[in-house]
Amino acid sequence: MKLLIVEDEPSLNKNIVDYLVGRGYLCESVNNFQDAVEKTECYEYDCIILDIMLPGGSGLRLLQQLKANRKSDGVIIISARNELDDKIAGIELGADDYLTKPFHLPELGARIAAIIRRKSLQGNNQLFFEDILIDIPAKTVSINNQPLQLTPKEYDMLLYFIINKNRVLSKSSIAEHLWGDDMDLADNHDFLYTHVKNLRKKVLLAGGGDYIQSIYGIGYKFSQA
Amino acid sequence: MKMFTRYSRLNLGSSIIIFLVGCSAFYFVLDHVLTQEINQVLNSEKEEITHFVKTHNSLPEITNTRDQQVYFSQAELPVEQKLVSKKAWNQRQAKLEWIRELVFGIEVNGLHYKVTVDKSQDQKNSFLNLIALIATGMIGLSLLTTLIINRIVLNKLWQPFYQSIDQISNYQLNGNGQLNLPKTNITEFNLLNNCVDAMVTHVEQDFQALKQFTGNAAHEMQTPLAVIAVNTESLIQDEALLEVHGSTISSIENAAKKLSRLNQSLLLLTKIESDRFALNEKVEWDVLVQQRLDELQDLIVLKDLSIELKTVPVSSTFHNQLAEILISNLVGNAIRYNKERGRIVLQLDSSELIISNTSGLPALDKTKIFDRFYRHPETREDGNGLGLSIVKQICEMSGYALDYQYANSMHVFSVRFPGK
């Protein structure tokens, strides 16, 4: 899987690349409009992570060029501007998703994974982790070939964990993925704890391993026991 | 007081005074001239009588006419001459009238006679009266004409002024409009229009700059915030570091998130303030309320809240995102500030949306709760203090009436839709 990261802020660019390389993607990165145009003209990418405000031109213009050249690269826009108009313009120009800065890297990972799955429907739509198998189109989970009943939130959480396996996920990242900005409303993260506890219990009862580790009050990590 | 009224009062008042003074002067001068004339007639009568006496040495035969009578009467002593005006009985016409009377003495054959010549002033008076009447009529007519002409002319002259005022009062600051006031041929109005135009242009420029600043500031802030966020996330991958600095890193992460949300809220407020939302979408309020409750189901269960939902299908022409924000903020507050096992009552009908909730908080200060960054002292700093300000701003721009009441231990927020 090959990704192109178009982001002018060096630190942000590097962190995104590091994270995505860690997720097993092949990454190339550029920091201005011209380089981005050259890269997209020469190569095909599974997904392009595109900032709108770039030195040399707007990300939206790049999007227009991609469309004019009938490129089928998936595009996820990352922008500091949470303006509805921009969002609509981006989606209308053919972007697959829109993420407002600041964002959690695992969230970006989950969105990229979703875009790639959608782009390659004929491909592998099953996700494995040890004894867990997720059938993404059917939204079903099985452990050792035994179906596992999960609530929609638990399913989302498991998927998020597996996409971001072997990585410490902060509570706010998980909460935001599951409940959006509403997590802000909850009195504390004990709420999240209840959901994590339930998921862990269900996986264990079905004969799966204890994959969810609690990490020092920061969050959780999904990895081999 | 309208300028015209004031001007008319001044104008009419001074005209009336001038006319009054002028007319009185005219009257007295005329009266004096006419009286002089009568005096001359009386004097020439005297001369005639004196001349007759001198030549004939006897009193002349008198033929009294309608407006002139002469009487002779004997006197003891020589009679002094006097000339007076007085009222006297006119026998011929059987009425009291003003007369001019000349009394003089004459000596005939050593006898003193008093000669009285009366001349009626009736003619003079009726003449004066007629002139007064004509003058009054003409003055009245001229004042009336002035008034009407002023009214018409002034109204017409002031027309450009009212046009400008109309335009100015309909003017909305939106950063892209300019006020093009009509050119007139009146220097003062052009001066006014030019000044207002210049002022508006200046304000528009400032507004544009401010908007650009807000947008830029937001962009400039979000990117560093994103850098903080991703770097924090990289840090938390180092588990050895977490053991020592876990809570520090966590608080950095949360603070960055909070700052970002605050930033987004301020941007939203600015955007609503500058009226950049067109209210032209069909909004189904009942659907939005239900959607929002579904999304918040987990939190409602967590707090063990009981929800009473009394809604009927209501739709209006509004803006979907704004309606979502409005509902989201009100319902969010109703959950956030509720107590364990509390209640939320949601009522929606075609006239209003009412959201009531129980809470550990006492009645709130109605004058402050919609202020930016106001937080009840007893609440924790988990909200950013802008939620209700945003709701208020949305209501203000759309003409909805937002109200808060504390009744039966419930905090009641109501949004009244404008009457149909």
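None of the figures in this text is laboratory data; all of them are computed from the coordinates on show. Note that the coordinates shown come from a computational prediction; the quantities given were computed from them, not determined experimentally. Cβ coordinates were reconstructed from backbone atoms using ideal geometry, including for glycine residues, and neighbour counts include every protein chain displayed.
In debye, nearest 20, what is the charge dipole magnitude of chain B about its Cα centre with +1 on Lys and Arg Cβ and -1 on Asp and Glu Cβ, if you could check?
It comes to approximately 1380 debye.
Counting only the backbone N, which residues of the stretch B:1-26 are under 16 Å from the spot 7 Å out from the Cα of B:Trp158 toward its beta-carbon?
B:1-12
What are the residues whose amide H is under 5 Å from the amide H of B:Val79, where those residues sit 5 or more places off or on another chain and H is modelled from the backbone?
HN-HN under 5 Å from B:Val79: B:Gly105, B:Ile106.
Just from its helices, what would the mean residue ellipticity at 222 nm be for chain B, if runs of 4 or more DSSP H residues each count -39500 (n - 2.57) and the sum is divided by every residue, rounded to the nearest 500 deg cm²/dmol?
Theoretical 222 nm ellipticity from helices: -20000 deg cm²/dmol.
Under unit Cβ charges (Lys, Arg +1; Asp, Glu -1), what dipole magnitude, rounded to 20 debye, does the protein assembly as shown have relative to its Cα centre?
Charge dipole of the protein assembly as shown: 1480 debye, to the nearest 20.
Near B:Lys183, which lysines are there with a Cα under 26 Å away, not counting those fewer than 8 places off in the same chain?
Answer for B:Lys183, where 26 Å is the Cα cut-off: B:Lys2, B:Lys156, listed by chain and number.
Pairs of Cα atoms under 8 Å, at least six residues apart: use those to get the relative contact order of chain B, whole percent.
9 percent
If a paramagnetic tag sat 7 Å from the Cα of B:Ser85 along the Cα-Cβ line, which residues of the stretch B:1-37 would have the backbone N under 15 Å from that point?
In the stretch B:1-37, the label zone of B:Ser85 (backbone N under 15 Å from the point 7 Å along Cα→Cβ) covers B:24-37.
List the residues whose amide H sits under 5 Å from the amide H of A:Ile215, counting only those 5 or more places along or on another chain, with H placed 1.01 Å from N in the peptide plane.
Answer set, sorted by chain and number: A:Tyr220, A:Lys221.
List nothing, just return the count: lysine pairs in the stretch A:5-118, 8 or more apart or interchain, with Cα separation under 19 Å.
Counting lysine pairs in the stretch A:5-118 gives 6.
GNM, chain B, Cα, under 10 Å: largest mean-square fluctuation among B:Pro224, B:Pro160, B:Pro182?
B:Pro224
Can you compute the modelled spin-label distance between B:Leu361 and A:Lys197, with each label point 7 Å from Cα toward Cβ, in nm?
Label at B:Leu361, label at A:Lys197, 2.9 nm between them.
Relative contact order of the stretch B:3-141: what whole-number percent is it, with Cα pairs under 8 angstrom and at least 6 residues apart?
23 percent
Which helices pass in chain A if a helix is a full DSSP H run, must span at least 20 angstrom along its long axis by Cα, and must have mean Kyte-Doolittle hydropathy not below 0.0?
Helices meeting the criterion: A:105-119.
Quick one: putting +1 on the C-beta of Lys and Arg, -1 on the C-beta of Asp and Glu, what dipole do you get for the stretch A:126-222 around its Cα centre, in Debye to the nearest 20?
Its charge dipole is roughly 320 debye.
Under the definition of Cα pairs under 8 Å and six or more residues apart, what whole-number percent is the relative contact order of the stretch A:17-117?
Normalised by residue count, the contact order of the stretch A:17-117 is 25 percent.
With both partners inside the protein assembly as shown, how many of the DSSP beta bridges are antiparallel, as a percent to the nearest 5?
75 percent
What net charge do the residues around A:Gly209 carry, taking every other residue with its C-beta under 14 Å from that of A:Gly209, with Lys and Arg at +1 and Asp and Glu at -1?
+2
Would you please classify the overall shape of the stretch B:311-410 from the alpha carbon gyration tensor, given that a ≥ b ≥ c denote the square roots of the eigenvalues, rounded means a/c under 1.5, and beyond that prolate means a/b larger than b/c while oblate covers the rest?
The shape class here is oblate.
With point charges of +1 on the Cβ of Lys and Arg and -1 on the Cβ of Asp and Glu, referenced to the Cα centre of the stretch A:2-119, which listed residue (A:Cys42, A:Val30, A:Leu60) lies farthest in the positive direction of the dipole?
My answer, from the dipole projection, is A:Cys42.
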